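To start, the structure under review is shown below, and the notes come after it.
The values are calculated or read from the model by the stated rules, or taken from the named source; none is laboratory data. These numbers come from a predicted model, not from an experiment. Reconstructed Cβ throughout: ideal geometry from the backbone, glycine too, with neighbour counts over all protein chains shown. The protein model used for the area step is the full one, side chains on, heavy atoms only, and it has no ligands, DNA or RNA in it. Shrake-Rupley method; radii C 1.70, N 1.55, O 1.52, S 1.80 Å.
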Amino acid sequence: MAFPEGFLWGTATAAHQVEGNNVASDFWVMEHAVNGLFAEPSGDACDHYRLYRQDLALLKELGLTSYRFSIEWARVEPEDGVFSRAAIAHYRDVLEACHEFGITPMVTLHHFTSPAWLMRLGGWEYEGTPERFAAYCRTVMSELGPLIPYVCTINEANIATLTRRMIEDMTGAKPEQAPVGVREPVTGGRAQWREAGAAALGTTPDKLNLFLLTFSDAALAVVKRAHVEARRAIKEVSPSAQVGLTLALQDMQAEPGGEKAAGERWAEMFDEYLPALAGDDFLGVQNYSRVLLDAQGAAFHPEGAELTQMGYEFYPQALENVLRRATSAGLPMLVTENGIATDDDTRRADFIRLALEGVERCLADGLDVRGYYYWSALDNFEWMLGYQPTFGIVAVDRDTFERHPKPSAAWLGEVARRGGL
Ligand code: BGC
């Protein structure tokens, strides 16, 4: 059997998307600013802050062995330099519950949201952000480190690189094909959001540097440095924790004439990050679909392709391709996210099975892949798109927060119990 003993079978979530009432974060403020970018505010989300135990019990019962979730910087440090003992105690409870249920926790320390106060300082373009981030990481890990075997510093450190490219693509050949989540925010359809958001966050539009929507070279450098500084801080206080970064890796496929463009895009999305990864213990690989490049530019899917609720092509084979390319980092790899937004749960199970067949082939060829985390455990707050896209293996009643596992949850749990397909 290709999947090794101890392979981590999990699902992933992020604090802002599931916990609810993340009121000290930049996103919360943006969600409530007029002319907002958001289809709806995050509100109570899945009330996971209260119901985490129940959720962990469910994941355990399904047969899963690991859970990737994020600790929220805005909760732990709601004002600059002010740390919340209560928030840290909460996350200690969550981690202890994981261990109690025999679930290996993987913690992400930054998953898109930041404390609102950081935006007043200049956000992800501010040169002091890496030090601020490292100080928060040090606090968390000196308190909770012994409970955290795996830690991802920053989720999708390269997301702005990808989005920057998509903006260019959308002014090019096939803008209407772009994934739905990207189309409106970046084309400026509601350009006033910047002004309103900046005012609400106590900054100015030119200095509104949210992690997800800051595309300058200066910001990319700040993000990379934040990872390096965080890793240093974590290693000092918690040397046994395995530290990694996660990258959003689209499968860049060249059509005739697109070879050069495909190579360049892989380089800027991946190779550019290699210096920052030197010294990491693993690489988190996150993949959802592919991009096709020809002499004209990028296409997000071939004509007539089956599309997900996100407007991505149903193309689970992409995961195998990116794992093979990402081995060049020379690090053990964990698939920290792979998933599909669909209301057809049968297609979800198909997607996971096809993706895992690819992982199996990679393992058979000797690639060092140590885990697979399906995105997501729960139907949750999909950022600008609100609650419409459904990625979860578990549905959540938006009024009662009742959990309803879908057939794909039982199926994935079976795979985990069997230790393979
Ligand atoms: C992010 C998640 C998001 C998922 C689906 C990833 O880029 O890490 O937060 O929900 O994709 O769009």
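A compact table of results
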item	result
Projected area, mean over directions - the chain, Cα convex hull, nm²	18.1
Label point distance in nm, residue 404-residue 192, each placed 7 Å from Cα along Cα→Cβ	3.8
Per residue accessible area in Å² of the stretch 23-73, where ligands, DNA and RNA are left out and the probe is 1.4 Å	35
Simple label model, 7 Å out from Cα along Cβ direction - residue 44 to residue 83, nm	3.3
Carbon/sulfur fraction of accessible area - the stretch 8-418, other protein chains in place, 1.4 Å, %	51
Long-range amide H partners of residue 21 with built H, under 5 Å	43, 44, 45
FRET efficiency estimate (nearest 0.05) - Cβ-Cβ, residue 259 to residue 303, R0 22 angstrom	0.55
Structure-based [θ]222 nm, the chain - -39500 (n - 2.57) summed over DSSP H runs of at least 4, per residue, nearest 500	-12500 deg cm²/dmol
Rounded to whole Hz, the Karplus (6.51, -1.76, 1.60) HN-Hα couplings of the stretch 40-47, x for glycine and proline	6, x, 6, x, 7, 6, 9, 6
The stretch 230-237 - phi-based ³J(HN,Hα) in whole Hz, Karplus 6.51/-1.76/1.60, Gly and Pro as x	5, 4, 4, 4, 5, 4, 5, 9
Additional length obtainable on full extension of the chain from residue 32 to residue 388, 0.36 nm per residue less Cα span	126.3 nm
Cut-off 10 Å between beta-carbons: net charge of the residues surrounding residue 401, Lys and Arg +1, Asp and Glu -1	-2
Accessible-area order (highest first, 1.4 angstrom probe) of the listed residues 214, 65	65, 214
Calculated FRET efficiency for the pair residue 343/residue 364, C-beta based, R₀ 41 Å, to 0.05	0.75
Accessible surface of residue 80 - all protein chains present, 1.4 Å probe, nearest 10 Å²	70
Spin-label pair residue 295/residue 53, simplified geometry with 7 Å Cα→Cβ offset, distance in nm	6.5
For the stretch 1-125, convex hull volume per residue from C-alpha positions, Å³	141
Rounded to 5, the percent of DSSP beta bridges in the chain classed as antiparallel	20
Area accessible to solvent at residue 170, 1.4 Å probe radius, in Å²	20
Accessible area (Å², 1.4 Å probe, nearest 10) - residue 328	80
